[in-house]
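**Q** Pasting a structure below so you can have a look.
The values are calculated or read from the model by the stated rules, or taken from the named source; none is laboratory data. No experiment lies behind these values; they were computed from the predicted model shown. Glycine gets a Cβ as well: all are built from the backbone with ideal geometry, and neighbour counts include every protein chain shown. Just the protein is used for accessible areas: all its heavy atoms, side chains included, with ligands, DNA and RNA removed. Shrake-Rupley method; radii C 1.70, N 1.55, O 1.52, S 1.80 Å.
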Amino acid sequence: MREDNQNREINAITEGVIWKQLLLFFFPIVLGTFFQQLYNTADAIIVGKAVGKAALAAVGGTTGTLINLLVGFFVGLSSGASVIIAQYYGARKGREVSDAVHTSMALAVVSGAALMLLGIGFSEFILRLMGTPEEVMAYAVPYIRIYFVGMIPSLVYNMGSGILRAIGDSRRPMVFLICATMTNIVLDVVLVLGFNMGVFGAGLATVFSQAVSALLVVATLRVSPPAYRLRLRQLRLHGGMLSRIVYIGLPAGLQSVMYSLSNIIIQAGVNGFGTDVMAAWTAYGKVDGLFWMTISAFGVAITTFSGQNFGARQYDRLKKSIRVCVSMCAGITVVLSALLILAGRPLLGLFTDDPQVLETGYGIIRLIVPTYITYILIEILSGAMRGVGDSLVPTILTLTGVCLMRVFWVVGVVPMHRDLHTLLLSYPVTWVLTSSMFLIYDLRGNWLKRRIALADQTPQ
């Protein structure tokens, strides 16, 4: 935002050159997400090198899948708040923006407390259901329990950064993540290597760094412009606003849960191949994160662009933004895939020196990385549709094409060919199917026309 001579706020997302504004919005997100990956990867590198491959499998692999299940639901739910705030901000409705900010932050605190209790109480039980080997359980249980102690600051940061991105500010969330990452790395070195605290020290470092990011985002919102300024005494769940947030965010939350459940099934299958394969899958997951941080940054960008331009009723600009975003995302995905294939072995070597783990990990890279391009339509189209408030159908498409078909693959196909590559083929197979469904819905579903008709019935 900036101001002209008439003191009128100029919103670059609704008025600037599309490809330039997408890149200006995208790069801070992807850089921030890179540091978030570094934030998580630091634990894996230090623990994997200092404690061993069983600890690596625990910190980065099996616990990560469970954390994504529980935390992912809230993050999906909070996307409803981001969409609502982006639409109201694009429409210049300051009162509604303020109500949405206070409702969403109150939701973060309540949800964080609930997730903390659930995570501490049931994580060991779920890890055992996943078939986690006993040598890994010894490290996984203490790590995940200390991790869930930090749920309230973690969700407060996620919600607060979502608010800032919804109004078009992707730079400050990036700065906060960099600060948290540096805190995490320093504490990892001190607690894991210096005080020999093992996975407990890694978990403690993560909790402290989450607290840093939460404090920074709250402090920023406390001094923000009036429309989205956080006033602690006004924190409450406004009933009408909460229902709007849940209407848009609940399908995304359920989608995240189903994604995580299908990944838990995959993780359970990986666990059945032993510790070496678990460690290789964990190391690959950190390399794989480079793609997911890129694609998710484009997803956040297009959701914000769609939401603000929809709120401003600039529908032609919205459609053009989608086309530009898909093209940019495809180009970057091709380049990134080539780089990961070429640099795969050295990257895996950051996490382990075990030759068998390295060979298995590079085999996974060769199988999955070339198929990344088949996923991009899912992320961009679902983000755009969610930005205008059409969240139910994209969720149904994703649940059917990715989650249910992935379960079908594991149950129906894998038993006939019990090897790791057959198991992991479930990823590209379901991406191709789901992308095809999204493309058909985009071309023939009239989703934007329906949302425009609803918006036109509502006076500005």
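**Q** Output the qualifying pairs, or none if there are none: Cβ atoms under 6 angstrom, residues six or more apart or on different chains, first residue in segment 386-405 and more than 16 Å from Ser260 (Cβ to Cβ) and β-branched (Val, Ile, Thr), second residue assigned to a helix (DSSP H, G or I) and modelled with pLDDT under 90.
**A** Pairs found: Val388/Arg451.
**Q** Another one. Going by what's in this entry, would Arg418 be described as of a type in the set (Lys, Arg) and surrounded by 22 or more Cβ atoms within 10 Å (Cβ to Cβ)?
**A** no
**Q** Restricting attention to segment 188-215, which residues are in contact with a Leu (Cβ under 7 Å, 6 or more places away or on another chain), free of Cβ contacts under 8 Å to residues at least 24 places away in the same chain and assigned to a helix (DSSP H, G or I)?
**A** Within segment 188-215, Leu191, Gly201 meet the criteria.
**Q** Condition first: part of a helix (DSSP H, G or I), more than 30 Å from Val47 (Cα to Cα) and β-branched (Val, Ile, Thr). Can you find one or more residues in segment 336-354 that meet it?
**A** Checking segment 336-354: not a single residue is part of a helix (DSSP H, G or I), more than 30 Å from Val47 (Cα to Cα) and β-branched (Val, Ile, Thr).
**Q** Right, something else. Does Ser213 satisfy being open to solvent by less than 30 Å² (accessible area, probe 1.4 Å), within 30 Å of Ile373 (Cβ to Cβ) and out of contact with any strand residue (DSSP E or B) (no Cβ under 8 Å at 6 or more places or on another chain)?
**A** no
**Q** Please go through segment 216-235 and give me each residue that is crowded, with 20+ Cβ neighbours inside 10 Å and not in a helix (DSSP H, G or I), ordered by number.
**A** Result: Leu230, single match.
**Q** Failed condition for Gly383, given (1) out of contact with any helix residue (DSSP H, G or I) (no Cβ under 6 Å at 6 or more places or on another chain); (2) open to solvent by less than 10 Å² (accessible area, probe 1.4 Å), with all others met?
**A** Failed condition: (1).
**Q** Looking at Ala114, Ala106, Ala140, which one is farther than 30 Å from Phe310 by Cβ and open to solvent by 10 Å² or more (accessible area, probe 1.4 Å)?
**A** Ala114
**Q** Consider segment 26-49. How many of its residues are at pLDDT 85 or above and open to solvent by less than 30 Å² (accessible area, probe 1.4 Å)?
**A** Looking only at that region, the number is 2.
**Q** Quickly run through segment 114-150 and pick out the residues that are aromatic (Phe, Trp, Tyr) and touching a residue at least 24 places away in the same chain (Cβ under 8 Å).
**A** To start, the set of residues in segment 114-150 that are aromatic (Phe, Trp, Tyr) comprises 122, 125, 139, 143, 147-148.
Within segment 114-150, Tyr139, Tyr143, Tyr147, Phe148 meet the criteria.
**Q** Out of the residues in segment 243-255 that are in contact with a Leu (Cβ under 8 Å, 6 or more places away or on another chain) and either of a type in the set (Lys, Arg) or open to solvent by less than 40 Å² (accessible area, probe 1.4 Å) (or both), state the one that is nearest to Val407 (Cα to Cα).
**A** We begin by selecting, within segment 243-255, every residue in contact with a Leu (Cβ under 8 Å, 6 or more places away or on another chain); these are 245-246, 249-255.
Then keep just the ones that are either of a type in the set (Lys, Arg) or open to solvent by less than 40 Å² (accessible area, probe 1.4 Å) (or both); that gives 245, 249, 251-253, 255.
Details: Ile245: 30, Gly249: 24, Pro251: 19, Ala252: 19, Gly253: 19, Gln255: 14 Å.
Only one residue tops the list, namely Gln255.
**Q** Then there's this: Regarding segment 281-290, can at least one residue be identified that is in a helix (DSSP H, G or I), out of contact with any Leu (no Cβ under 9 Å at 6 or more places or on another chain) and open to solvent by less than 50 Å² (accessible area, probe 1.4 Å)?
**A** Yes, there is a match, as at least one residue in segment 281-290 is in a helix (DSSP H, G or I), out of contact with any Leu (no Cβ under 9 Å at 6 or more places or on another chain) and open to solvent by less than 50 Å² (accessible area, probe 1.4 Å).
**Q** Determine whether segment 433-450 contains at least one residue that is touching a Ser or Thr at 6+ places or on another chain (Cβ under 7 Å), more than 18 Å from Tyr247 (Cβ to Cβ), open to solvent by less than 40 Å² (accessible area, probe 1.4 Å) and among the polar types (S, T, N, Q).
**A** Yes, segment 433-450 has at least one match.
**Q** When segment 344-376 is examined, which residues are found to be hydrophobic (A, V, I, L, M, F, W, C) and open to solvent by 40 Å² or more (accessible area, probe 1.4 Å)?
**A** Hits for segment 344-376 are Leu347, Leu350, Leu358, Ile373.
**Q** Now for a different question. Considering only residues that are open to solvent by less than 30 Å² (accessible area, probe 1.4 Å) and among the hydroxyl-bearing types (Ser, Thr, Tyr), which ones fall in segment 148-187?
**A** The answer is Ser154, Tyr157, Ser161, Ser170, Thr181.
**Q** Can you spot a residue in segment 275-283 that is within 20 Å of Thr333 (Cβ to Cβ) and aliphatic (A, V, I, L, M)?
**A** no
**Q** Report, by residue number, each residue of segment 306-316 that is assigned to a helix (DSSP H, G or I) and crowded, with 19+ Cβ neighbours inside 10 Å.
**A** Within segment 306-316, Ser306, Gly307, Gln308, Asn309, Phe310, Gly311 meet the criteria.
**Q** Let me ask another. Is it fair to say Ile376 is of a type in the set (Val, Ile, Thr), closer than 30 Å to Ile452 by Cβ and at pLDDT 90 or above?
**A** Working: of a type in the set (Val, Ile, Thr): yes; closer than 30 Å to Ile452 by Cβ: yes; at pLDDT 90 or above: yes.
So Ile376 passes the test.
**Q** Please specify each residue of segment 268-280 satisfying the condition of being surrounded by fewer than 24 Cβ atoms within 10 Å (Cβ to Cβ) and closer than 16 Å to Asp353 by Cβ.
**A** Thr275, Asp276
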